């Protein structure tokens with residue numbers, strides 16, 4: 001077994017590999033960019049080596065620097081994690097040439113399967129079901145449009161070296177095909193150093209289901225069941241679960257056997273994933289093979305009891321798989337939510353900055369797991385992907401897994417940057433998701449206008465008003481206790497209050513009861529018992545005997561409450577104060593309609609217009625790059641450009657002016 005390994009990655013996956021290596025008694029080496037010098041993976045490893053400046057192309061993607069770090073520290077093997085160089089066959093080959101073990105497949109397997117065009121040809125040869133398409137690199141946007149028209153819209157435009165939703169677009173017409181081709185090629189070049197793009201037919205209404213395989217160097221290959229990854233937004237996975245609620249044992253076996261056949265065809269060893277698209281009639285087609293560990297691998301670990309990172313290390317060291325296919329049986333149900341630094345209420349725009357507060361839910365063995373590469377006070381950088389953490393929950397069945405995920409999301413507190421936790425929490429409440437009847441179009445169909453705060457359903461708004469009243473009364477009771485001791489005479493506290501939430505008044509009557517307060521709103525009564533303290537950001541207790549968990553914090557005169565994806569600001573006041581508040585003048589917000597503002601922090605890659613140009617609605621105005629993704633800003637209406645305020649190449653802050661219009 002290895003004595004020391006280097007992790008050629010950063011963030012959550014680097015921390016994940018370090019944990020397993022430490023348990024196995026293996027020393028670890030972290031590599032990091034200058035921007036990551038204080039990152040959690042650097043602090044967690046036994047040694048760390050700086051390999052360059054912040055941009056990935058100057059650090060994490062430079063093979064020579066990683067090989068030099070191995071030689072400098074005496075690392076015998078390298079685990080690539082996912083992303084960066086994990087599917088780069090040259091990296092695997094160069095390590096091998098330098099006598100360093102690659103903890104992953106051999107370079108020829110990476111070359112065969114890491115290239116989506118070639119892998120599809122190999123899949124056809126191995127008699128694996130494949131989707132119709134054009135399987136060679138496309139030269140330019142004009143050719144892309146011609147091919148797309150020949151296949152028939154809609155089509156999927158994909159970067160050959162892509163992954164993680166990057167370098168991927170769906171086009172429904174010629175304009176989208178041309179624009180999608182250019183964006184895919186740019187993203188692929190910037191993220192993977194390979195700008196080849198191909199096109200295939202987009203199967204509408206599909207399920208995205210993947211098979212996890214593991215193979216040793218002795219010819220043994222086993223599939224570790226499947227993962228359901230159909231809950232996606234813009235082709236990036238949001239929720240993953242195992243097993244799938246859609247397929248049955250017959251389909252599972254057929255898909256698993258095809259995945260194994262494909263792996264054997266390229267003499268695969270290590271962990272890998274074969275992705276399929278499955279139609280409503282349960283016909284399935286090969287999409288691609290990821291020759292690496294997947295982001296969502298923890299759900300497979302939870303239902304199989306296996307450690308995939310440990311298996312990868314042992315296979316790389318030449319050991320035999322300690323089980324056969326007959327030994328793999330699912331145990332319960334597991335789900336994973338990707339917690340990303342993005343604002344779901346602003347079109348999921350990236351959010352960067354300092355994690356002022358980071359309080360994940362408490363981990364519970366084989367029930368709740370949090371994989372992360374950040375810590376409170378750390379930075380979420382614009383240079384890398386938006387993942388903050390992965391939240392994984394396990395249950396005896398799907399319903400119990402959902403219930404545990406709901407509670408864990410309610411308790412996951414992040415401030416300083418925006419996160420997609422409200423969206424994840426709302427998804428866990430959505431009847432269609434709970435039913436298990438959905439496709440990859442679920443989010444687009446259920447949220448066609450985006451995730452809008454006011455439209456998040458909530459069954460009992462009176463509960464939020466009651467909790468706000470509880471918190472306010474507890475503050476007042478503390479103040480009364482202090483003043484009574486200082487002044488020597490009791491202060492009277494009324495029982496009638498008004499809670500204002502989003503412009504709606506909730507007149508409540510509040511009375512103390514043992515351990516809490518009883519709050520009445522109309523015909524409803526909420527007996528809330530809790531030992532909540534003012535410093536606590538998560539409110540736990542019971543309401544009418546049922547457990548409740550939500551986020552509660554005071555901000556001036558307001559209380560911010562988050563529960564099941566619903567976020568509200570509540571003000572608690574006396575009835576007289578409410579009447580006076582209604583008489584206060586309203587401040588008119590400034591008119592910003594004549595400006596194009598940056599919706600996110602990022603790098604201004606391109607300004608597509610010039611001063612004096614007349615622009616029509618829908619035309620491209622600028623391109624911003626943030627967290628390795630291109631974001632195109634388009635004109636919302638016909639207008640004329642008055643002035644270009646910010647030039648391409650500048651770093652932008654949120655709401656910074658880019659263009660001024662007449």
Problem set entry | Test for residue 259: is it over 21 Å from residue 392 (Cα atoms), out of contact with any helix residue (DSSP H, G or I) (no Cβ under 7 Å at 6 or more places or on another chain) and modelled with pLDDT of 95 or more | yes
Problem set entry | region 271-318, residues that are assigned to a strand (DSSP E or B) and touching a helix residue (DSSP H, G or I) at 6+ places or on another chain (Cβ under 7 Å) | 271, 272, 274, 276, 284, 286, 288, 289
Problem set entry | Failed criterion for residue 345 (all others in (1) outside any strand (DSSP E or B); (2) under 30 Å from residue 651 (Cα atoms); (3) touching a strand residue (DSSP E or B) at 6+ places or on another chain (Cβ under 7 Å) hold) | (3)
For this session: Taking residue 410 as the residue in question, decide whether it is touching a strand residue (DSSP E or B) at 6+ places or on another chain (Cβ under 7 Å), at pLDDT 95 or above and loosely packed, with under 14 Cβ neighbours inside 10 Å.
Result: no
For this session: Report yes if residue 148 is touching a strand residue (DSSP E or B) at 6+ places or on another chain (Cβ under 7 Å), farther than 27 Å from residue 238 by Cα, touching a residue at least 60 places away in the same chain (Cβ under 8 Å) and buried (at least 18 other Cβ atoms within 10 Å of the Cβ), otherwise no.
Result: no
Seminar exercise, completed: Listed by range, strands (runs of 3 or more DSSP E) wholly within region 488-565 having at least 3 residues that are outside the structural domain of residue 360 (by TED's automatic domain parsing) and over 27 Å from residue 584 (Cβ atoms) are 504-513, 516-521, 524-529, 538-543, 546-555
For this session: Would you point out the residue of region 379-397, among those that are crowded, with 18+ Cβ neighbours inside 10 Å and modelled with pLDDT of 95 or more, that is farthest from residue 330 (Cα to Cα)?
Result: 388
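Looking at 52, 114, 25, 11, which is the one that is at positive phi and in contact with a strand residue (DSSP E or B) (Cβ under 8 Å, 6 or more places away or on another chain)?
Testing whether each residue is at positive phi and in contact with a strand residue (DSSP E or B) (Cβ under 8 Å, 6 or more places away or on another chain) leaves just 11.
Does region 362-375 contain any residue that is at pLDDT 95 or above, more than 30 Å from residue 398 (Cα to Cα) and over 15 Å from the mean Cα position of the chain (by Cα)?
Scanning region 362-375, I find at least one residue that is at pLDDT 95 or above, more than 30 Å from residue 398 (Cα to Cα) and over 15 Å from the mean Cα position of the chain (by Cα), so the answer is yes.
Being assigned to a strand (DSSP E or B) and over 25 Å from the mean Cα position of the chain (by Cα) is the filter; apply it to region 614-629 and report the residue that is farthest from residue 351 (Cα to Cα).
614
Here is a yes/no grid of residues against (1) touching a residue at least 40 places away in the same chain (Cβ under 8 Å); (2) surrounded by fewer than 20 Cβ atoms within 10 Å (Cβ to Cβ); (3) in a loop (DSSP other than H, G, I, E, B):
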{"site": "589", "(1), (2), (3)": "no, yes, yes"}
{"site": "596", "(1), (2), (3)": "yes, no, no"}
{"site": "612", "(1), (2), (3)": "no, yes, yes"}
{"site": "631", "(1), (2), (3)": "yes, yes, no"}
{"site": "636", "(1), (2), (3)": "no, yes, yes"}
{"site": "640", "(1), (2), (3)": "no, yes, no"}
{"site": "654", "(1), (2), (3)": "yes, yes, yes"}
{"site": "660", "(1), (2), (3)": "yes, yes, no"}
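Within region 430-448, can you find the residues that are part of a loop (DSSP other than H, G, I, E, B) and either surrounded by fewer than 17 Cβ atoms within 10 Å (Cβ to Cβ) or touching a residue at least 40 places away in the same chain (Cβ under 8 Å) (or both)?
436, 437, 438, 439, 440, 441, 448
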Exercise. Going by the conditions given, is residue 112 out of contact with any helix residue (DSSP H, G or I) (no Cβ under 9 Å at 6 or more places or on another chain) and assigned to a helix (DSSP H, G or I)?
Worked result: no
For this session: Among the residues of region 375-388, count how many are in contact with a helix residue (DSSP H, G or I) (Cβ under 9 Å, 6 or more places away or on another chain) and farther than 28 Å from residue 605 by Cα.
Result: 1
Exercise. Any idea which of 464, 427 is more than 23 Å from residue 398 (Cα to Cα), surrounded by 21 or more Cβ atoms within 10 Å (Cβ to Cβ) and touching a residue at least 40 places away in the same chain (Cβ under 8 Å)?
Worked result: 464
Exercise. Among the residues of region 300-326 satisfying the criterion of being in contact (Cβ under 8 Å) with a residue 24 or more places away in the chain and more than 25 Å from residue 109 (Cα to Cα), which is surrounded by the most Cβ atoms within 10 Å (Cβ to Cβ)?
Worked result: 302
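The values are calculated or read from the model by the stated rules, or taken from the named source; none is laboratory data. Owing to the predicted nature of the structure, the values given are computational and were not obtained by experimental measurement. Note: ideal-geometry Cβ built from the backbone for every residue, glycine included; neighbour counts use all protein chains shown.
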